[in-house]
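The values are calculated or read from the model by the stated rules, or taken from the named source; none is laboratory data. These numbers were taken from a predicted model, which means no experiment stands behind them. Here Cβ is always computed from backbone atoms with ideal geometry, including for glycine, and neighbour counts include all displayed protein chains. Remember, those area values only see protein heavy atoms, side chains included, never the ligands or the DNA or RNA. Shrake-Rupley method; radii C 1.70, N 1.55, O 1.52, S 1.80 Å.
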Amino acid sequence: MVMPTGIFISYRRADTPADARLLHLRLGQRFPDAKVFMDVASIEPGADFVGEIDTALDNCSVLVALIGRQWATLLSAADGGHDYVRHEIRGAMRRGVRVLPVLVDGAAPPGGLPADLRDFARLNAVELRHTRYYPDMDALFAAIQRARTPAASSGTRVPYPGAAMGEAERLRRLLAEAGALLRGPGRDIPTGTVGRVAGATRPVDPAAAEALWSKAEEEVSNGVGTGGNVAVVVRSLAAWDPGRAERVARTAPDAQDRDQALVHVARALAATEPHAAERVADAIRSEPHRTHALIAVVAVVAPTDPDLAEAVAHWIRGDVARSGALAVIARSSPDDRLFHEARRLYRADDPDSDAARTEIEQADAVRIARSEPDLNWHFSDPDGFRFPPAEESSFRRVAIDRRAVLDPVAVVAAVSAADPGEGMRLARSMAAGPQRDAATATVVRRLATTDPRQAALSLGGKSRDGFTAETVAAVAEGLAPTDRPGALRLFAEAERLAWSAGVESKPVALAVLARALHATDAGRAARIAADAEQCLVAMNRKRRSWLLAVLAELDPAYPNRPDELWLEPWK
């Protein structure tokens, strides 16, 4: 027997007609596999009104009862035998259909109901307020989803479209929808977004990606795509064809746009053609962009070829900017000479001093942790670490002499690389706040791949609100092969955190969760992926097309798992 999956909207036309009409639209978008019943939209002229209502109740798994400020008054005024709302609620409860009362815009829970609706008066209600419409609507959707879950567990419920059509088809649909939005009417889609979608489409549909890149190239050369848009197009193209990306960058009419875009070409070339990357970077005319490009090349080359990285760093003209580049190399090199040279070149009064200081602090933390692994780090204040007075290390004396207060998150990362347990102890010794959360998450994510059981323990007890859904999902993914029940509990917690994220963060958090969950529970992952997609429905074309590309890259079927998410603001 096929379990019912429909959703029934019960409302009073003299009370909440506009709310019912909008809810009907949103439910159809959010639950595309469900038949959403609303009398004026679902009953044909001349049909038996009561008979159609009864048929719809037979085929629904949840009834949403909209209660406005006039709902109870209209109930009292109606003849019980002809009050269709009363008939709907009573019929749903007799059939065992889950009934969800929804209080619209400050309506009070109805009291003094007739005997056949007294059980309805005891049901817990959700609110739908115009001042918090989207959060309230998300809560209602979640409640409906939970109400429909028993039907899903029977194995007979119609799955989400993505699951029904298969992962590869779902992935193609995401990218096709993004492309269709770019081809829509109007000029409100930035050139950068066209390039962004092209880059995401390339591994799946090279022909479609080529068409989008050609469109973006034409707009760049005609001066339509300006500002950061040129850089976005070139960045997406450089990952596949750096030579073509360089040519596109050089066609930009604006010199600043051109130089900013060439930074991405240099970065893309650095790993495979470092000398070509150095050539591109050195040819940039704007000194800030030239410096940025050379530092990007240094960062890519340093772990594998520190000598070449040092040579590139010396092309940087400003002493302080060069000091930051040398500190980048020092993080992956055991040669203290580079670190001391970076400190010698540093000056606090230089415009580049903040960025360079951060690099030097991080290099210092790595250097000390590497050279003195047994050093007893601790906090002196919420802003940084100092060595404890009892520590007799020579490193302590050097630190005190120069009054160094190191970046705490960098120290935790450095310490945890050698000893995750010590890194966690250090992170938990920090004062409560964003830095402690960031430091703890750094250790947990490291443990997720090396010791997932310890990572799960490190998440803490009842509340994990200090962690993101992405962090908890990473731990659950690592734990799943050895402890599936424990992993599923963490996945459920990650889903709760994802739904509590902001409007623009929520779809990404859900998509990350779906990808992590896929190997453990593909069906549930497909439903969460569909939830992520539905979060985009109310967004404008710019945001929606960009985020569709992000969701595609996070899809379990995507060929290239991204090392980092490209979530730059849509312009």
I'd like to check something: does the stretch 475-491 contain any residue that is at pLDDT below 80, open to solvent by 40 Å² or more (accessible area, probe 1.4 Å) and either closer than 24 Å to ALA557 by Cα or not in a helix (DSSP H, G or I) (or both)?
no
Of the residues in the stretch 344-361, those that are free of Cβ contacts under 8 Å to residues at least 60 places away in the same chain, part of a loop (DSSP other than H, G, I, E, B) and open to solvent by less than 100 Å² (accessible area, probe 1.4 Å) number 3
Could you identify the single residue in VAL320, VAL265, VAL248, VAL297 that is more than 17 Å from ALA355 (Cβ to Cβ) and touching a Pro at 6+ places or on another chain (Cβ under 9 Å)?
VAL265
Given the criterion of a type in the set (Gly, Ala, Ser) and over 25 Å from ARG279 (Cβ atoms), identify the matching residue among ALA239, ALA200.
ALA200
Which ones in the stretch 93-132 are at pLDDT below 80 and touching a His at 6+ places or on another chain (Cβ under 9 Å)?
none
Report every pair of residues separated by at least 6 positions or lying on different chains whose Cβ atoms are under 8 Å apart, first residue within the stretch 428-441 and touching a residue at least 24 places away in the same chain (Cβ under 8 Å), second outside any helix (DSSP H, G or I) and among the polar types (S, T, N, Q).
ALA441/THR468
Looking at (1) at pLDDT 65 or above; (2) out of contact with any Pro (no Cβ under 8 Å at 6 or more places or on another chain); (3) surrounded by fewer than 16 Cβ atoms within 10 Å (Cβ to Cβ); (4) among the charged types (D, E, K, R), find the lone condition where GLU392 falls short.
(1)
Could you tell me whether ALA525 is at pLDDT below 85, farther than 29 Å from ARG235 by Cβ, assigned to a helix (DSSP H, G or I) and hydrophobic (A, V, I, L, M, F, W, C)?
no
Total residues in the stretch 492-505, condition part of a helix (DSSP H, G or I) and open to solvent by 10 Å² or more (accessible area, probe 1.4 Å)
6
ARG370: at pLDDT 75 or above and open to solvent by 70 Å² or more (accessible area, probe 1.4 Å), yes or no?
no
Among (1) open to solvent by 40 Å² or more (accessible area, probe 1.4 Å); (2) touching a helix residue (DSSP H, G or I) at 6+ places or on another chain (Cβ under 6 Å); (3) in a loop (DSSP other than H, G, I, E, B), where does GLU341 come up short?
(3)
Which of the following residues is small (Gly, Ala, Ser), under 23 Å from THR291 (Cα atoms) and touching an Asp or Glu at 6+ places or on another chain (Cβ under 9 Å): ALA261, ALA271?
ALA261
Criterion (of a type in the set (Asp, Glu), more than 29 Å from PRO206 (Cα to Cα) and free of Cβ contacts under 8 Å to residues at least 40 places away in the same chain) met by exactly one of ASP282, ASP259, ASP241:
ASP282
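Okay, residues lined up against (1) modelled with pLDDT of 75 or more; (2) outside any helix (DSSP H, G or I); (3) of a type outside the set (A, V, I, L, M):
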residue	(1), (2), (3)
ALA431	no, yes, no
GLN435	no, no, yes
ALA455	yes, no, no
GLY461	no, yes, yes
Looking only at the stretch 323-343, filter to residues that are in contact (Cβ under 8 Å) with a residue 12 or more places away in the chain and of a type in the set (Lys, Arg); which one of those is nearest to ILE295 (Cα to Cα)?
ARG331
Only one of (1) open to solvent by less than 50 Å² (accessible area, probe 1.4 Å); (2) over 17 Å from LEU174 (Cβ atoms) fails for ALA525. Which number is that?
(2)
Scan the helices (runs of 4 or more DSSP H) fully inside the stretch 1-92 and keep the ones with 1 or more residues being open to solvent by 30 Å² or more (accessible area, probe 1.4 Å) and more than 22 Å from ALA107 (Cα to Cα).
17-30, 39-42, 49-58
Looking only at the stretch 110-136, count how many residues are open to solvent by 40 Å² or more (accessible area, probe 1.4 Å) and within 32 Å of the chain's Cα centre (by Cα).
10
Can you pull out every residue in the stretch 404-429 that is within 24 Å of the chain's Cα centre (by Cα) and either modelled with pLDDT of 75 or more or open to solvent by 60 Å² or more (accessible area, probe 1.4 Å) (or both)?
none
Does PRO351 fit the bill of being modelled with pLDDT of 65 or more and touching a strand residue (DSSP E or B) at 6+ places or on another chain (Cβ under 6 Å)?
no
